[in-house]
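Notes to accompany the following structure.
The values are calculated or read from the model by the stated rules, or taken from the named source; none is laboratory data. These numbers were taken from a predicted model, which means no experiment stands behind them. Please note: Cβ atoms are built from the backbone with ideal geometry, for glycine as well, and neighbour counts cover all protein chains shown. Remember, those area values only see protein heavy atoms, side chains included, never the ligands or the DNA or RNA. Shrake-Rupley method; radii C 1.70, N 1.55, O 1.52, S 1.80 Å.
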Amino acid sequence: MRHTLIVSLSVVLWATGCAHSGAPSLPASHGQLSLAMAYQLDPEGNPREASELPPESLFNPGAKGGVAPERAREAFAEAVALLKGAPTEVQVRQASATLSAACAVDLFDACEFLLTNFQPVKRVEGPSMPDIPREAFLLRKPQVVVLRGRVDTDGRARELQVVESLFPKFGEELVKVFAATRYQPAMLAGHPIATSRLFRIHFQMPLENRTPEAELEWVRMRVARFPESADAWSHLAKLLGSQTPEAPGYVEALERLNALAPTYWWAANELSWHYVQAGRHAEAEPRVRVARQLAPRNAYVLETSAAVLRGMGRCEEALADQRQAVARLQEQWPREERERFERTLADYQRDCPGGSPPAPSPVAP
């Protein structure tokens, strides 16, 4: 009998108090609310999962040495002008490296340009998925397979490796399927560019136990079996955070996720937020900078950035980010959250010398 594969490109649902459309419901944790806002800002983009990240070739926090801060604006303009023409493949790579370096020194216009003008890989056509192993049905648990590879400008996937698969032979069969599939390559400002990519397959099983306890047991098994899978650690961090954010293991899961996926804005921001609560501002600062670069319009990222800067004694910068955070809250956002953001801003204005600016005007989402 042929077993049908039910494919999902999104992570196993994170049981939260936040809907993925409309205003979130309270109570909800800082991490839940930041993710809910990401959906509000861009329902189809702004990657929410560790398996959907823009490639490090475009968002590379370590690219600081490529562009001096004082020359970042000029380099940004040159890269944009180059992409407006008819650049070669080499020139597209050069422009992407320049934009990444300018973003890494906090030229947020460069970050925004990359976010707006990057289009991820899309499947065009290819062979059907292989049969699910019979053993998977006997487990009665959801299954996730994660592959890592590269999609070149010719639309072919290469250097595919299995990151996570409970059944090794099934993972090998998927490698063959993805290698034989044709893709539309990633695009930067309309130009094809080779990129790294994670391929994630999730399928549900009939009659599985869907209790929170069973899901937590299953995801703990995932990280134990596949400690290098950022997708598995993302699932664990979000599951722990949605139940009891102060629970043992939550910060550790965020730290492991951040180490495996340093350009995942959600993990960087949430870890920074928890470091701030513990007074570890110096450790939070480089991580929140990454979140600020990759999610510059998210009010919860701006709030975290402000808290880090305030803790480091950089009052004026903290005030600027908290003002932006208040202004970025959408009109339909919960009143309690808006009031909390405004109280924090008032605290910063009171405590920082000369910090009494006019109230910010709303910014359209």
Mind checking which residues of region 280-305 are assigned to a helix (DSSP H, G or I), closer than 19 Å to F341 by Cβ and modelled with pLDDT under 95?
A291, R292
What single numbered condition from (1) within 11 Å of the chain's Cα centre (by Cα); (2) at pLDDT below 95 fails to hold for A259?
(1)
Search region 91-115 for residues being touching a residue at least 12 places away in the same chain (Cβ under 8 Å), out of contact with any strand residue (DSSP E or B) (no Cβ under 8 Å at 6 or more places or on another chain) and open to solvent by 50 Å² or more (accessible area, probe 1.4 Å), and hand back the single one that is nearest to N60 (Cα to Cα).
A97
Subset tally (residues that are closer than 17 Å to R200 by Cβ and in a strand (DSSP E or B)) for region 122-154:
11
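Take F167 and tell me if it is under 16 Å from R197 (Cα atoms), among the aromatic types (F, W, Y) and surrounded by 13 or more Cβ atoms within 10 Å (Cβ to Cβ).
So F167 fails the test.
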From R182, R220, R148, grab the single residue that is open to solvent by 60 Å² or more (accessible area, probe 1.4 Å), farther than 30 Å from L240 by Cα and either at pLDDT 85 or above or touching a strand residue (DSSP E or B) at 6+ places or on another chain (Cβ under 9 Å) (or both).
R182
Residues of region 257-288 satisfying the condition of being surrounded by fewer than 22 Cβ atoms within 10 Å (Cβ to Cβ) and charged (D, E, K, R)
R280, E283, E285
Exactly one of A284, A291 is farther than 23 Å from Q40 by Cβ and in contact with a Ser or Thr (Cβ under 7 Å, 6 or more places away or on another chain), and that one is A284
Are there any pairs with C-beta distances below 7 angstrom linking a residue in region 66-82 that is assigned to a helix (DSSP H, G or I) to a residue that is open to solvent by 60 Å² or more (accessible area, probe 1.4 Å), with the two at least 6 apart or on different chains, and if so which?
F76/D109; L82/Q91
